[in-house]
Amino acid sequence: MTTQPIYNFCAGPATLPREVMEATAEACRQLEGTGLSLMETSHRSPIFQEVLDAARQLLRELLHIPSDYTILLLGGGASMEFCRIPANLLRRRAAYVNTGVWAAKAQHEAQHWGEVVEVASTERDGYDHVPSQITVPSDVDYLHYTSNNTIYGTEFLHEPEVSVPLVSDMSSDILSRPIQVERHWAIYGGAQKNLSMAGLSFVILSPEALAETPRPLPSILDYRVHRAHGGLFHTPPVVPIFCARQMLRWIKSQGGVPAMERMAVERSRLLYEVLDESRMFRGMARRDSRSRMNISFRIDAERLGGDTTKAAALEAEFIDYCAERDVVGIKGHRLVGGLRASCYNGMPLRGAERLAECMREFESQQIRRGRL
Ligand SMILES: *Cc1c(COP(=O)(O)O)cnc(C)c1O
């Protein structure tokens, strides 16, 4: 690794604290004095069992997960759970909120397992916000929502107020704010944004969620099989689980979830402040739905006489400008274009400050050159 830090705003896989990445790399060289690499260490060895237990215990402690909830760290990612969640939890009908492509994918996969009701959608508005009010039929098993919409930069800062159990894809904001776990049947996601590296899913399940088996399932899809095997039904991704333990230790050392939330508030505030003052950049999400994790923005074509080609060219120029200053990964998702700064738990405040400086300096430079 270089000594000059590179601030990586990539949406995922995403940056992790340097010490977390280094400890994981070191374990791949040699695991805690065993003379073996983590990669060749049995998932049934006592040393790995300790890693797995510690990771689950830290997650339970940091998120205040009740003791009767099951925590699974499984091979896969959020898309794997788009399938396993309804396979295990959808008994007859489930409600889904469509707040973006990931939400729609979760909904689509659920249709393989039962009846799905779309109770709210912000698709017509280009997914620029999350619905403030959701009405759910009383006979649905659960309401599924995507707590943070990574692609658009919108976030539910409060859990939906409904009378049915909640199920949430928290891939991109887990551990960045306190959550009311008891209101959820399930909280799940891919680990590669806020928690660890790619290849791993986290699944937090209430006892009620697992109380019934709606249908016979192949073992690999069955959360109860995974639970019965203590999460070791088959070989789990040992390196990402180790990395998750390091990350959870790091989060704890920083002051836990409240500290992560303070950081998230501060990083995003810095960037939204620049956007709100800017004559050139414009935030893409509606103010009331702004994500603390993914700050989506663009160069406003209206300020350039409606010239969208010019705006796109300036965005490309800005990406290069940032890269020269060790700020990378800010290109927007291919579906929405523009720019996006993903600021997960691993992004230091200094990174957000650096990007804010780049935005201000670039804008001043454009003004000096008479381009604005
Ligand atoms: C990244 C992301 C996904 C996809 O995760 P995979 O692990 O690649 O399947 C799903 N949902 C959300 C909210 C995401 O941010």
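The values are calculated or read from the model by the stated rules, or taken from the named source; none is laboratory data. Just so it is clear, the model here is predicted, and its values are computed rather than measured. Note that each Cβ is placed from the backbone with ideal geometry, even for glycine, and that neighbours are counted across all protein chains shown. Just so you know, the surface numbers come from the protein's heavy atoms only, side chains and all, with ligands and any DNA or RNA stripped out. Shrake-Rupley method; radii C 1.70, N 1.55, O 1.52, S 1.80 Å.
Things to note:
- Looking at VAL225, VAL257, just one residue is in a helix (DSSP H, G or I), under 30 Å from ALA110 (Cβ atoms) and either among the aromatic types (Phe, Trp, Tyr) or touching a Pro at 6+ places or on another chain (Cβ under 7 Å) (or both), and that residue is VAL257.
- Selection within the stretch 1-50 - in contact (Cβ under 8 Å) with a residue 60 or more places away in the chain and surrounded by fewer than 13 Cβ atoms within 10 Å (Cβ to Cβ): GLN4, MET39, ARG44
- Residues located in the stretch 334-372, provided they are modelled with pLDDT of 95 or more and not in a helix (DSSP H, G or I): GLY338, LEU339, ARG340, ALA341, SER342, CYS343, TYR344, ASN345, GLY346, MET347, PRO348
- LEU195 being over 28 Å from GLN246 (Cα atoms), open to solvent by less than 10 Å² (accessible area, probe 1.4 Å), in contact with a helix residue (DSSP H, G or I) (Cβ under 7 Å, 6 or more places away or on another chain) and not small (Gly, Ala, Ser): no
Let's see how each residue does on (1) open to solvent by 50 Å² or more (accessible area, probe 1.4 Å); (2) over 19 Å from ALA54 (Cα atoms); (3) modelled with pLDDT of 95 or more; (4) assigned to a helix (DSSP H, G or I):
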| site | (1), (2), (3), (4) |
| --- | --- |
| GLY230 | no, no, yes, no |
| PHE233 | yes, no, yes, no |
| SER268 | no, yes, yes, yes |
| ARG282 | yes, yes, yes, no |
| GLU302 | yes, yes, no, yes |
| LYS310 | yes, yes, no, yes |
| ILE319 | no, yes, yes, yes |
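- Flag for TYR188 being under 12 Å from GLU81 (Cβ atoms), hydroxyl-bearing (Ser, Thr, Tyr) and in a strand (DSSP E or B): yes
- Residue list for the stretch 95-113, filter: away from the ligand (no atom under 16 Å from the Cβ) and surrounded by 23 or more Cβ atoms within 10 Å (Cβ to Cβ): ALA95
- The stretch 107-151: number of residues that are among the hydrophobic types (A, V, I, L, M, F, W, C), within 22 Å of ARG292 (Cβ to Cβ) and in contact with a helix residue (DSSP H, G or I) (Cβ under 9 Å, 6 or more places away or on another chain): 2
- Filter result for VAL116 (β-branched (Val, Ile, Thr), crowded, with 17+ Cβ neighbours inside 10 Å and more than 20 Å from the chain's Cα centre (by Cα)): yes
- Candidates ALA209, ALA198: the one that is touching a residue at least 24 places away in the same chain (Cβ under 8 Å), under 23 Å from the mean Cα position of the chain (by Cα), away from the ligand (no atom under 16 Å from the Cβ) and over 27 Å from ASP288 (Cα atoms) is ALA209.
- Residue count for the stretch 1-37, restricted to those that are within 28 Å of HIS229 (Cβ to Cβ), more than 26 Å from the chain's Cα centre (by Cα) and either outside any loop (DSSP other than H, G, I, E, B) or not hydroxyl-bearing (Ser, Thr, Tyr) (or both): 3
- In the stretch 119-159, residue surrounded by the fewest Cβ atoms within 10 Å (Cβ to Cβ) [restricted to those that are aliphatic (A, V, I, L, M) and more than 24 Å from TYR344 (Cα to Cα)]: ILE134
- None of ARG56, ARG84, ARG60 is under 20 Å from the mean Cα position of the chain (by Cα), open to solvent by less than 70 Å² (accessible area, probe 1.4 Å) and free of Cβ contacts under 8 Å to residues at least 40 places away in the same chain except ARG60.
- Filter result for GLY190 (within 14 Å of the ligand (Cβ to nearest atom) and more than 19 Å from MET260 (Cβ to Cβ)): no
- The set of residues in the stretch 66-80 that are more than 16 Å from the ligand (Cβ to nearest atom) and hydrophobic (A, V, I, L, M, F, W, C) contains only ILE71.
- Scanning the stretch 321-333 for residues that are farther than 20 Å from GLN192 by Cβ and in a loop (DSSP other than H, G, I, E, B), we see that the one that is most open to solvent (accessible area, probe 1.4 Å) is GLU324.
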